[in-house]
Amino acid sequence: MVGVAAVLVVALLAVAAVVGVGWWRDSRRTDLARALDLAAPAERYSFTDWAGVRRALDVPDDAGTDARTLRRMLDDGYDADLTSASALEGSAELLRARYGWSPADLDWELLAQAEDGVLVVAALGEDTDVDDLADRLAGLGYERPGEDDGVWRGGEELVARISAQSGLTGSPVLQYVALDADAGVVRTSDSAAYLEAVLAGDLGAPEEVDDVVGAAGDALSAAVYTGRHACTALAMSQADEIDQASAEQLVEQAGGVSPVRAYAMAVRPARDLVVAMSFEDGERARRNADARAVLAAGPAPGQGGAFTDRFELGDVSADDGLVRLDLDPVDGASVFSDLSTGPVLFATC
C-alpha cells in the first residue's frame, strides 16, 4: 500500500508540474499571441490593443458610454499612430450606439486577411454580457443562429439600414457575427460562408509567424505577415521604375537580401517600434541583419526622402533565424502607418 501511495504522490506531482508549466507559459503569452490563436490561418494580420491604447492616451473608464470621449480617443489614437491597423475604428461610434461593444471597451482587436476571406476577432471586456449582445443583434434584425455560437446573419442591406437609421458608419465586416462566450470574443466577417468555415475549422495562425510574433512582444499596434505576403505587400515592385532602379542599386551595395519566412512590425507601449524578420537559417539571418541595417539607415525610394527622416535606427540583432531591428520614431512621424505597407526598402525580398 505504501508503494502504491508513493506512486500516486509522484504521479500527482508530475501532473501538477505539467499544469504549472502550462499556466506559466500561458501567463507570459502576449495579447497578440492569444489573438492569433483565436483567429483563422491567414496571410496578413493587423492587431490593435485597445486596452493598451486607452492607457497610453489616458482615456477615462466611461469611454464606453460617452460618445464624445470615444470620438476624442479615436482622434488622439490616429494622431499618435496607434489605430491605423484597426478594421473597426471607422465603425466605432455605430458599435458603441447600437451593438453594445466598441474600441472604447474592447481588450483588443485582430483583423485576419486570407485569400478566401476576411475575419475580425475582438476580445470583449470582462464586464460584457454576451446574452445582452445577442439580444441587441436580434433587435437590430440579425437572424438568430440555431446554436449560441453559430453565425448571426445580417447582410449588406441590414448593415446599410442600421447605418442609415443611426446616421453612423458601418463596416462591411459587421454583416455576419458570431459570439464566443467561452473565449470572450466576437468574430465578424463580410461573408457568412467564410465565417461558418472559420468556426468549423482549426483556429490559429501559421506556425511560420511564431518567431516574429514572439519578437514583437507586447504591442499596441502590429502587422504580422507570412513570407509570401511580405514579399508582395512590401516589395519594391510597387514603386515606379526610377525608384525600383535606385532600390536595386542600394540593395546590391548593401550586400543583397534574402526572402523572409515571416515579418512583423509592432508599436510598443513606449511608442518605439520593433521590426522582426525570420529566415531559413542563422547564416541568412546574419547576412540580412547587416544588409537591412544599412538599408534602414539610408534613402527610402518609393516612400520618399530617407528612413532617417522617419526614425532613428537602434539595435539590430540576429539570433538563429530571426533578425530584429529597433526603431525610435522622429517626433511627429507616423512610422507604423507609413511603413506597414510597401514599398519598404529595408523589408524587401
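The values are calculated or read from the model by the stated rules, or taken from the named source; none is laboratory data. Keep in mind it's a predicted model, so treat the numbers as computed, not measured. Note that each Cβ is placed from the backbone with ideal geometry, even for glycine, and that neighbours are counted across all protein chains shown.
Some points to look at:
- Residue match in the stretch 62-79 (condition: free of Cβ contacts under 8 Å to residues at least 12 places away in the same chain, of a type in the set (Asp, Glu) and touching a helix residue (DSSP H, G or I) at 6+ places or on another chain (Cβ under 8 Å)): yes
- Qualifying residue in the stretch 109-120 (condition: among the polar types (S, T, N, Q), modelled with pLDDT of 95 or more and either within 15 Å of SER46 (Cα to Cα) or in contact with a strand residue (DSSP E or B) (Cβ under 8 Å, 6 or more places away or on another chain) (or both)): yes
Conditions tested, residue by residue: (1) closer than 22 Å to ARG44 by Cα; (2) crowded, with 21+ Cβ neighbours inside 10 Å; (3) out of contact with any Asp or Glu (no Cβ under 7 Å at 6 or more places or on another chain).
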site: MET265; (1), (2), (3): yes, yes, yes
site: ARG271; (1), (2), (3): no, no, yes
site: ARG287; (1), (2), (3): no, no, yes
site: PRO299; (1), (2), (3): no, no, yes
site: ASP315; (1), (2), (3): no, no, no
site: ASP320; (1), (2), (3): no, no, yes
site: ASP331; (1), (2), (3): no, no, yes
site: SER337; (1), (2), (3): yes, no, no
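- Selection from the stretch 78-100 of residues that are assigned to a loop (DSSP other than H, G, I, E, B), within 19 Å of the chain's Cα centre (by Cα) and either small (Gly, Ala, Ser) or more than 15 Å from SER340 (Cα to Cα) (or both): ALA80, SER84, ALA85, SER86, ALA87, LEU88
- Residue that is farthest from the chain's Cα centre (by Cα), among those in the stretch 103-129 that are crowded, with 17+ Cβ neighbours inside 10 Å and over 17 Å from ALA35 (Cα atoms): THR128
- Listed conditions (1) in a loop (DSSP other than H, G, I, E, B); (2) in contact with a strand residue (DSSP E or B) (Cβ under 8 Å, 6 or more places away or on another chain) are all met by ASP105, apart from (2).
- For ALA293, the stated conditions hold: it is out of contact with any Lys or Arg (no Cβ under 9 Å at 6 or more places or on another chain), of a type in the set (Gly, Ala, Ser), in contact (Cβ under 8 Å) with a residue 24 or more places away in the chain and surrounded by fewer than 22 Cβ atoms within 10 Å (Cβ to Cβ).
- Looking across the stretch 77-92, just one residue is surrounded by fewer than 21 Cβ atoms within 10 Å (Cβ to Cβ) and over 21 Å from LEU273 (Cβ atoms), and that is GLY90.
- Listed here are the strands (runs of 3 or more DSSP E) enclosed by the stretch 150-235 that have at least 1 residues being under 26 Å from ASP127 (Cβ atoms) and more than 17 Å from the chain's Cα centre (by Cα): 151-153, 176-180.
- Checking ALA270 against (1) more than 28 Å from ASP240 (Cβ to Cβ); (2) touching a residue at least 12 places away in the same chain (Cβ under 8 Å); (3) not in a helix (DSSP H, G or I), the condition it does not meet: (2)
- Check on SER258, among the polar types (S, T, N, Q), over 27 Å from ASP31 (Cα atoms), in contact (Cβ under 8 Å) with a residue 12 or more places away in the chain and part of a loop (DSSP other than H, G, I, E, B): yes
- Residue identified as closer than 24 Å to ASP180 by Cβ, crowded, with 17+ Cβ neighbours inside 10 Å and not polar (S, T, N, Q) among ALA134, ALA97, ALA138: ALA134
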